[in-house]
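Here is the structure we will look at.
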Amino acid sequence: MHKAGFVNIIGNPNVGKSTLMNAFVGEKLSIITSKAQTTRHRILGIVNGEDFQMILSDTPGIIKPAYELQESMMDFVKSAFDDADVLIYMVEIGEKELKDEAFFNKITHSKTPVLLLLNKIDKSNQEQLEEYVALWSEKVPNAEIFPVSALEGFQVQEVFNRIIELLPESPPFYPKDQLTDKPERFFVNETIREKILLHYKKEIPYAVEIDTEEFLEEENIIRMRSVIMVERETQKGIIIGHKGSALKRVGMEARKDLEKFFGKQVHLELYVKVNKNWRSNQQQLKRFGYNQ
């Protein structure tokens, strides 16, 4: 008997969805930073066992969209309800509601098995924990509740085992040696974007998109050329920094991570271009893999 199915992770921004998926997959597929709205796409991570294939989907945090890009991000979340065999709804200690009532309604009326993960319990005490378990048991009576710490790995294996129990009988959907549905360039883009999220403040990280124009794999080295798109000239100057120092730091840190990810030497060239108001431009969003 072989089991296979789609396990979709949803929740508010910053509750630990990407950390959980990376813990399951054992690879860093999703960006993790302390900033909200880090995940923009729906990213699949595939975990293969001898008799199972778990296809995990990390989705953007649920927000009320303010512009076209965010509308597209919420479409990725909506699609996560359509094909789920198991739904993981992630909340954190201190959180009492989902930011969108319609999504919350979908969860509480879901015919799909729901696992509610109460994350970041390493930041709470027993009394608090019991209070939040009771609160969420009442709010989502159709869910199984697991207190976890995705970062510390607490109860992660237990959740993993329960998911396997819930997966339907099915042949694998993807080849058994496949880790994700995304192309290599996608992870180059995401790695660079992560460094920008870490090192720049205010609006800058959210006004940025990466386009890897060249990815040439040779025997001992991968040569990459990536363009950092910003919306305004002033942002371009901030990204580059004094005498190019800020851009150099991003490039150096991204290269180190990419060498780890691909397991070989990387040569990375970075450029910065202005692409006015790309976040509100349907054509540009489509080009970057949104609105699909």
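Remarks
- From the list VAL148, VAL114, VAL208, the lone residue that is in contact with an Asp or Glu (Cβ under 9 Å, 6 or more places away or on another chain), modelled with pLDDT under 85 and of a type in the set (A, V, I, L, M, F, W, C) is VAL208.
- Residue in the range 225-236 that is surrounded by 14 or more Cβ atoms within 10 Å (Cβ to Cβ), modelled with pLDDT of 85 or more, polar (S, T, N, Q) and not in a helix (DSSP H, G or I) present: yes
- Selection of the range 87-104 for residues being assigned to a loop (DSSP other than H, G, I, E, B) and surrounded by fewer than 17 Cβ atoms within 10 Å (Cβ to Cβ) yields GLY94, LYS96, GLU97, LYS99, ASP100.
- Breaking point among (1) open to solvent by 30 Å² or more (accessible area, probe 1.4 Å); (2) assigned to a strand (DSSP E or B), for LYS276: (2)
- The one condition in (1) of a type in the set (Lys, Arg); (2) more than 24 Å from LYS3 (Cα to Cα); (3) in contact (Cβ under 8 Å) with a residue 40 or more places away in the chain that ARG162 fails to fulfil: (2)
- With a requirement of 2 or more residues that are within 30 Å of LYS260 (Cβ to Cβ) and open to solvent by 80 Å² or more (accessible area, probe 1.4 Å), the helices (runs of 4 or more DSSP H) lying completely within the range 105-214 that satisfy it span 156-166, 184-199.
- Yes/no for ARG193 being touching an Asp or Glu at 6+ places or on another chain (Cβ under 9 Å), over 24 Å from LEU44 (Cα atoms) and in contact (Cβ under 8 Å) with a residue 12 or more places away in the chain: no
The values are calculated or read from the model by the stated rules, or taken from the named source; none is laboratory data. Note that the coordinates shown come from a computational prediction; the quantities given were computed from them, not determined experimentally. Using ideal geometry, Cβ is built from the backbone for each residue, glycine included, and neighbour counts are taken over all protein chains shown. Quick note on the areas: whole protein, heavy atoms, side chains included, nothing else; ligands and nucleic acids left out. Shrake-Rupley method; radii C 1.70, N 1.55, O 1.52, S 1.80 Å.
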